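Novice: Handing you this structure, nothing more for now.
What follows is calculated from the coordinates using simple rules that are stated; it is not laboratory data. From a predicted model like this one, the values you see are computed outputs, not experimental measurements. In this analysis, Cβ positions are derived from the backbone assuming ideal geometry, glycine residues included, and neighbour counts consider all displayed protein chains.
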Amino acid sequence: MRIVVNGKLAGTKEQGCALCGGTWGNWYQEVDGERLFFCCDICAKEFVNMIDKVKEITGWKKVDELVIEGDYYRGRNCEAKSGGKSLRYYVKFGEDAEVSTFRVES
Ligand SMILES: [Zn+2]
């Protein structure tokens, strides 16, 4: 999965957390068969919950590309892509890493 967080490639220890871009921490989680780097388990949970939501809405089997802009407090404007299709959405997480707001944008 190609991941861009606030304008920078992310998802490995060198590049930063796949959700927030942070380079501290040391948490790995497999998503769609790929081992992704996260700064902490909370970011990993949020990421997985978000991907699940995207799949639920679109019916996609996997996500090829993800562009994320924003942070925990403002919420995040994202674009997910899979096999030439694209979904733009706004997402915000709650205190337990759950998806609290999810709005599809056209
Ligand atoms: Zn993070």
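Novice: Spin-label point model (7 Å from Cα, Cβ direction): what's the Lys62 to Ser86 distance in nm?
Specialist: Distance between the two pseudo-spin positions: 2.2 nm.
Novice: Which value results when the Cα radius of gyration for the chain is divided by 2.2 N^0.38 Å?
Specialist: Compared with the compact-globule rule of thumb, the chain sits at 0.96.
Novice: Something else about it: Counting other Cβ atoms within 10 Å of each Cβ, which GluC sites (Glu not before Pro) in the range 1-58 have at most 14 and sit in a DSSP loop?
Specialist: Of the GluC sites (Glu not before Pro), the ones in loops of the range 1-58 whose Cβ has at most 14 other Cβ atoms within 10 Å are Glu14.
Novice: Now, a different point. For the range 40-106, which chymotrypsin sites (Phe, Trp or Tyr not before Pro) are both in a DSSP coil and crowded by at most 11 other Cβ atoms within 10 Å?
Specialist: When the chymotrypsin sites (Phe, Trp or Tyr not before Pro) of the range 40-106 are filtered for loop state and at most 11 Cβ neighbours within 10 Å, Tyr73 remain.
Novice: Can you tell me the dipole magnitude for the chain around its Cα centre, using point charges on the Cβ only (Lys, Arg +1; Asp, Glu -1), in Debye to the nearest 20?
Specialist: Approximately 320 debye in magnitude.
Novice: Would you work out which of Gly70, Gln29, Cys39 lies farthest towards the positive end of the dipole of the range 15-106, given +1 charges on the beta-carbon of Lys and Arg and -1 on that of Asp and Glu, about the Cα centre?
Specialist: Of the listed residues, the answer is Gly70.
Novice: Continuing with this model, one more query. Could you compute the longest span of the chain free of trypsin sites (Lys or Arg not before Pro) located in DSSP loops and having at most 15 other Cβ atoms within 10 Å, not counting the site residues?
Specialist: The longest uninterrupted stretch comes out as 14-60.
Novice: Go through the range 61-106 and name the GluC sites (Glu not before Pro) that are in a DSSP coil and have 16 or fewer other Cβ atoms within 10 Å of their Cβ.
Specialist: When the GluC sites (Glu not before Pro) of the range 61-106 are filtered for loop state and at most 16 Cβ neighbours within 10 Å, Glu95, Glu98 remain.
Novice: State the number of lysine pairs found in the range 2-104 whose Cα atoms come within less than 20 Å, restricting to pairs 8 or more positions apart or on distinct chains.
Specialist: 20
Novice: Sticking with this one: Run the helix sum for the chain: -39,500 (n - 2.57) per DSSP H stretch of 4+ residues, divided by residue count, reported at 222 nm to the nearest 500 deg cm²/dmol.
Specialist: Here the helix-only value at 222 nm equals -5500 deg cm²/dmol.
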